[in-house]
Amino acid sequence: MKLSKYFQYLDMNEDYIAVFNSILMQIIFVEKNKLKNIMDLTLDKEETKLMIENGIYETTSDMEEIYHTLQKGIKSQSKIPTIMYLNVSTFCNLACKYCFIESNPLSKQKYEKMEFETAKIAVDKFLKELEKNQITESQIIFYGGEPLTNWNVVKEVIQYIRKKNKLNITLTIITNGTLLNKRIIRFLMNNHVGIGISIDGPKFINDKNRVFKSSKESVYEKTMRSIQLLNEMNSSYCVSATVTPEVVENEEEVMNWLIDNNIKNVFWNLYHYSQKSNNWEEHYQRMSDFILKSYKILRENHIGEEKVSEQIEMFLNQTFKFHSCGAVGLNQLTIKPNGDVCICQGDSRLYKNVVGNIIKDEIDKILNNPQNDEWLKMYTVDNDKCKYCKAISVCGGGCPLQAEALFGKRTALDEASCIYYKNLLHWLIEQYFYVTMESEEERMDDLR
């Protein structure tokens with residue numbers, strides 16, 4: 001019998017710690033004075049049995065074999081796309097200062113709009129791929145630029161998919177909201193299309209980074225008119241807010257803004273650096289605190305929060321998160337207006353990362369392009385720096401584009417995201433600790 005290499009512990013309060021195997025994530029809360037006994041293997045018989053059952057101690061079972069099985073299971077899902085971004089327009093009417101696409105110094109491609117026939121071919125090939133792999137949960141995302149600058153094609157594609165009776169496919173449009181109107185909203189509602197609205201908070205925050213390309217008009221005011229319209233029409237939507245330094249510095253104002261404007265759902269986007277910076281460590285620490293603290297406030301005010309909620313569900317179900325980016329492992333495709341394919345939506349304005357063309361090539365050929373090999377080398381389970389990290393089960397590895405911007409290459413460890421996910425793990429276990437005196441059912445309900 002030996003102490004597992006995957007053994008970890010975290011302080012809960014002055015008296016208790018959480019002990020766990022970072023791969024199995026079966027949490028045990030013990031008094032702090034037991035830690036030395038655990039590590040010295042000097043527990044009594046019943047306590048030792050508990051440690052064996054939860055992977056803290058290894059006997060005949062070999063955790064390395066379990067780890068290799070986990071690796072194999074994760075890699076068996078490689079090259080099976082379940083997400084397709086349709087970049088229907090590379091044009092955007094905004095020029096957001098932190099935009100990963102526009103601020104990339106390599107973004108030189110001309111503006112283009114997708115034709116319906118190109119989108120139809122992409123959809124048909126994607127549906128065929130889903131059927132071949134027996135995928136039951138999938139998503140098509142209308143993306144840009146600003147997808148509403150090519151609304152007629154978006155509308156045709158949605159009608160085409162729904163006429164094929166593909167209601168099991170989640171359709172989502174990511175928009176800055178400035179071009180929405182009643183007619184468009186009604187159509188999206190009738191066709192069960194999710195709406196993601198990009199806005200970062202109150203006017204003084206939003207308009208600092210989100211500006212029009214060719215107008216001094218307030219982006220905030222135009223987007224808020226659309227949100228008010230969505231509320232009036234009782235449409236479901238999600239505010240997609242990037243947690244910029246300005247958001248973090250004005251926490252109270254942002255929370256009040258969400259509450260006062262009856263925002264229904266919010267998804268916090270981690271601020272991703274697109275160029276070299278020295279302040280990433282400080283910002284990611286403060287951003288983590290903001291996101292995790294906001295969860296309770298939002299919940300108490302009946303505002304849905306999707307980012308942390310998803311992680312809570314995975315934590316409760318002991319689901320290992322094998323990537324935080326669909327591009328890792330080639331589980332997504334991005335289709336550009338002319339049919340060119342790249343893997344990451346952040347590459348949609350770069351020529352160099354084109355790996356095929358959806359009009360000319362079958363998806364198998366596109367996925368097997370040797371240029372894609374780097375996406376298969378980004379799993380946390382293959383990274384020696386991640387293997388014994390306490391947060392490996394909840395992480396997924398962060399953003400490859402941010403890793404490239406901050407640390408030199410896409411296969412590098414995204415150390416900024418490490419900060420968020422380590423804080424997230426501590427928070428999840430801490431919340432779990434607070435409700436351990438309740439019944440299992442109450443505990444699950446309380447955390448969700």
Pick from region 103-127 the residues that are modelled with pLDDT of 95 or more and aromatic (F, W, Y): which of them is least open to solvent (accessible area, probe 1.4 Å)?
F126
Residue satisfying all of: in region 430-442; surrounded by fewer than 17 Cβ atoms within 10 Å (Cβ to Cβ) and hydrophobic (A, V, I, L, M, F, W, C); modelled with the highest pLDDT among these:
V435
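Table: residues versus (1) in contact with a strand residue (DSSP E or B) (Cβ under 9 Å, 6 or more places away or on another chain); (2) in a helix (DSSP H, G or I); (3) modelled with pLDDT of 95 or more.
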residue: N353; (1), (2), (3): yes, no, no
residue: D361; (1), (2), (3): yes, no, yes
residue: D373; (1), (2), (3): no, yes, yes
residue: L376; (1), (2), (3): no, yes, yes
residue: D384; (1), (2), (3): no, no, no
residue: K390; (1), (2), (3): yes, no, yes
Can you run down the residue pairs with Cβ atoms below 8 Å, 6 or more apart or on separate chains, where the first is in region 157-181 and of a type in the set (G, A, S) and the partner is open to solvent by 30 Å² or more (accessible area, probe 1.4 Å)?
G177/K222
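The rows are residues; the columns are (1) more than 22 Å from the chain's Cα centre (by Cα); (2) loosely packed, with under 15 Cβ neighbours inside 10 Å.
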| residue | (1), (2) |
| --- | --- |
| I335 | no, no |
| N338 | yes, no |
| I343 | no, no |
| K360 | yes, yes |
So which residues in region 392-429 are open to solvent by 30 Å² or more (accessible area, probe 1.4 Å), within 19 Å of M12 (Cα to Cα) and either touching a Cys at 6+ places or on another chain (Cβ under 9 Å) or at pLDDT below 95 (or both), if there are any at all?
K422
Residues that are within 25 Å of N317 (Cβ to Cβ): which helices (runs of 4 or more DSSP H) entirely in region 10-92 hold 1 or more of them?
45-53, 63-75
Residue within region 193-204 that is out of contact with any Gly (no Cβ under 8 Å at 6 or more places or on another chain), in contact (Cβ under 8 Å) with a residue 12 or more places away in the chain, of a type in the set (A, V, I, L, M, F, W, C) and in a strand (DSSP E or B) present
yes
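Take region 128-149 and flag every residue that is closer than 21 Å to K336 by Cα and either touching a helix residue (DSSP H, G or I) at 6+ places or on another chain (Cβ under 9 Å) or open to solvent by less than 20 Å² (accessible area, probe 1.4 Å) (or both). Steps first, answer last, please.
Of the residues in region 128-149, the ones closer than 21 Å to K336 by Cα are 128-130, 138-149.
Correct list: K128, E129, L130, S138, I140, I141, F142, Y143, G144, E146, P147, L148.
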Could you say whether any residue in region 35-43 is at pLDDT below 95 and open to solvent by 60 Å² or more (accessible area, probe 1.4 Å)?
no
Are there any pairs, at least 6 apart or on different chains, whose C-beta atoms fall under 9 Å, with the first in region 50-77 and on the phi > 0 side of the Ramachandran plot and the second in a helix (DSSP H, G or I) and not hydroxyl-bearing (S, T, Y), and if so, which?
G55/M63; G55/I66
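Return yes when M233 is open to solvent by less than 40 Å² (accessible area, probe 1.4 Å) and closer than 30 Å to S138 by Cα and no when it is not. If you could, list the steps in order and put the result at the bottom.
Values: open to solvent by less than 40 Å² (accessible area, probe 1.4 Å): yes; closer than 30 Å to S138 by Cα: yes.
Yes: the conditions hold for M233.
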I'd like to know if region 160-181 contains one or more residues that are open to solvent by 50 Å² or more (accessible area, probe 1.4 Å), more than 24 Å from D124 (Cα to Cα) and not polar (S, T, N, Q).
yes
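The values are calculated or read from the model by the stated rules, or taken from the named source; none is laboratory data. Being a predicted model, the structure only gives us computed values, none of them experimental. When we count neighbours, we look across all protein chains shown, and the Cβ atoms used for this are built from the backbone with ideal geometry, even at glycine. Surface areas here come from the heavy atoms of the whole protein model, side chains and all, with no ligands, DNA or RNA. Shrake-Rupley method; radii C 1.70, N 1.55, O 1.52, S 1.80 Å.
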